[in-house]
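Before any comments, here is the structure.
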Amino acid sequence: MYSKIFQLALLAGVICFFSCKNTPGTPQPGIEKSAFGQMPDGRAVELYTLRNAQGMEVKITTYGGTITSWTAPDKAGTYADIALGCDSLADYLHGTPYFGAIIGRYGNRIAKGKFTLDSVAYTLATNNIGNHLHGGIAGFDKVLWSAEAVPGAEPALRLTYQSKDGEEGYPGNLSATVTYTLQKDNALKIDYTATADKPTIVNLTNHTYFNLAGNGDILGHELLLHADRFLPVDSTLIPTGELRPVSGTVFDFTSATPIGARINDTSDVQIRYGLGYDHCWVLTASDADGLRPAAVLSEPQSGRVLEVLTTEPAVQFYSGNFLDGTVTGKGDLPYRYRTGLCLETQHYPDAPNRPEFPSTVLRPGEMYTSSTVYRFSVKR
Ligand code: BGC
């Protein structure tokens, strides 16, 4: 009986998926594909628009699996684009600080680009003051992904990428998939999987910069992190190995706190090193399997609220400290200092050199899985 109902619901979803048109005033869930330009070698780049029944729209390009725009309603029901990004593929190809992109094979930093696995020493591409950052010079944010719409009641896009043995110095061929599902509750779920044919390391994330007001800086946003410890770093932003309690520090976001309240408190050397917040928070352990709450971000004027849930053990909160107005974004406007913030769910930075950190090793026969949900609501 229930399986019959499920089959009918699935069929309705598939029919709607292929045939529904968005009539003004009555958004229909669906997914549309359009051209977004060409890679320098001529390969076609696509842009997919996912829309849910409430009217939320997420645009994703196959270049870097990048979220280029994402609309969310405020407390009056007015939609605004809450993700930083660019208008054209040319702008992305020109280079951005990872706006909206999939990050891999290893998100965040690996000290000096070196690690040893099964007694074999590997050297990765270094691209950040002598360290390896976000997969190297041409990480997963700069490659072309293959895309297919996933039939179902909710619009979903599955991206795949085959990373070659030796790419950016990583061992093993890695087959990665990222599935974006736009749920009816105004949540975007991101499911990652990967398999490899040699022992390797993997730590995938998404690098969307959020600005819940849709403009201005993010200093008035309030943040709560479900984390009672964070990872102090050295001056090159590599973790020292310590898991420091946040209590009594400017890193305490265990209750909702305006981001601007303590971000310039340079009496803490960690703020000096990060030029603000650019650190990894260790999520408070929970007995619950699967998704657990990581963060709640809210913006008082618009009333927009973003909840982040994840299966990952940590989240990098980066307050846009390297945005300096030199990157032009949508509408040809420069993105200035702290106009967006990232909440990158992940394993700890430099884990391949820290046996005491949760492991990021993936072996042949194993499947890497990771899921994160970004859910929007409003507070009146
Ligand atoms: C890192 C920053 C880095 C930024 C680049 C963030 O994930 O934590 O240190 O500068 O990415 O956009």
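Using heavy-atom solvent-accessible surface (probe 1.4 Å) with all chains present, what is the largest-first order of S267, S235, S175, S163?
S267, S235, S175, S163
Which whole-number percent is the relative contact order of the range 201-351 (Cα, under 8 Å, 6+ apart)?
For the range 201-351, the relative contact order is 30 percent.
Hey, any idea what Rg/Rh is for the range 309-358, computing Rh the Kirkwood way over Cα pairs?
Here Rg/Rh amounts to 1.17.
Where does each of H347, H132 land when they are ordered by accessible area, with a 1.4 Å probe and the largest first? Don't skip to the end; give the middle numbers.
Working: H347 35, H132 0 Å².
Solvent-accessible surface, decreasing: H347, H132.
Using +1 at the C-beta of Lys and Arg and -1 at the C-beta of Asp and Glu, which of G325, L341, P258 has the Cα lying farthest in the positive direction of the dipole of the range 227-363?
After comparing all options, I get G325.
Can you sort D278, D265 by solvent-accessible area, 1.4 Å probe, largest first? Let's see the in-between values first.
Working: D278 10, D265 55 Å².
Result of the area sort, largest leading: D265, D278.
By a straight-distance test (C-alpha under 19 Å), which lysines pair with K198 as possible cross-link partners, with residues fewer than eight away in the same chain excluded?
Partners within reach: K114, K164.
Taking +1 at the Cβ of each Lys and Arg and -1 at the Cβ of each Asp and Glu, which of G37, A314, I110 sits farthest along the dipole of the chain towards its positive end, judged by Cα position relative to the Cα centre?
Farthest towards the positive end: G37.
Which of the trypsin sites (Lys or Arg not before Pro) across the range 324-356 are loop residues per DSSP, with 16 or fewer other Cβ within 10 Å?
On the way: sites: K330, R336, R338; in loops: R336, R338.
Hits after loop and neighbour filter: R336.
Please list the non-local residues whose amide H lies under 5 Å from the amide H of I201, H modeled 1.01 Å from N, same-chain partners needing a gap of 5 or more.
L362
Once you have the Kirkwood Rh of the chain from its Cα pairs, apply Stokes-Einstein at 4 °C and 1.567 mPa s and quote D in µm²/s.
D, rounded to a whole number, is 61 µm²/s.
So for the range 184-342, Kirkwood radius off the Cα pairs, Stokes-Einstein at 20 °C and 1.002 mPa s: how many µm² s⁻¹?
After rounding, the answer is 126 µm²/s.
If the cut-off is a Cα-Cα distance under 12 Å, which aspartates and glutamates reach K189, setting aside same-chain residues fewer than 8 apart in sequence?
E154, E307
Check which residues have an amide H placed less than 5 Å from A227's amide H, if you skip close sequence neighbours.
The answer is T284.
Using Cα pairs closer than 8 Å and at least 6 residues apart in sequence, work out the relative contact order for the range 105-221, in percent.
In percent, rounded to a whole number, it is 20.
Report the relative contact order of the chain, percent, no decimals, based on alpha-carbon pairs under 8 angstrom and at least 6 residues apart.
Taking the mean separation of contacting Cα pairs over the length of the chain, I get 17 percent.
Given the pairs K59/K142; K184/K379; K59/K379; K33/K59; K142/K184, which are separated by over 21 angstrom at their Cα positions?
Exceeds cut-off: K59/K379; K142/K184.
What size of dipole, in debye to the nearest 20, comes out for the chain about its Cα centre when the only charges are +1 on Lys and Arg C-beta atoms and -1 on Asp and Glu C-beta atoms?
Magnitude of the dipole: close to 520 debye.
In whole Å, what is the distance between the alpha-carbon centres of the range 166-194 and the range 270-300?
Their Cα centres are 21 Å away from one another.
GNM on the chain, C-alpha springs below 10 Å: top fluctuator among A295, A227, A35?
Of A295, A227, A35, the Gaussian network model singles out A35 as fluctuating most.
For the range 183-273, take N as its residue count and report Rg(C-alpha) divided by 2.2 N^0.38 Å.
In units of the 2.2 N^0.38 Å rule of thumb, it is 1.39.
Quick one: which residues, 5 or more positions from Q316 or on another chain, have an amide H under 5 Å from its amide H? H modelled 1.01 Å from N in the peptide plane, none for Pro or chain starts.
W281, E344, T345, Q346
The values are calculated or read from the model by the stated rules, or taken from the named source; none is laboratory data. Since the model is a prediction, treat every value here as computed from it, not as a measurement. Neighbour counts are summed over all protein chains in view; Cβ atoms, including those assigned to glycine, are modelled from backbone coordinates with ideal geometry. When the accessible area is computed, the model is the full protein with side chains, heavy atoms only, and any ligands, DNA or RNA have been set aside. Shrake-Rupley method; radii C 1.70, N 1.55, O 1.52, S 1.80 Å.
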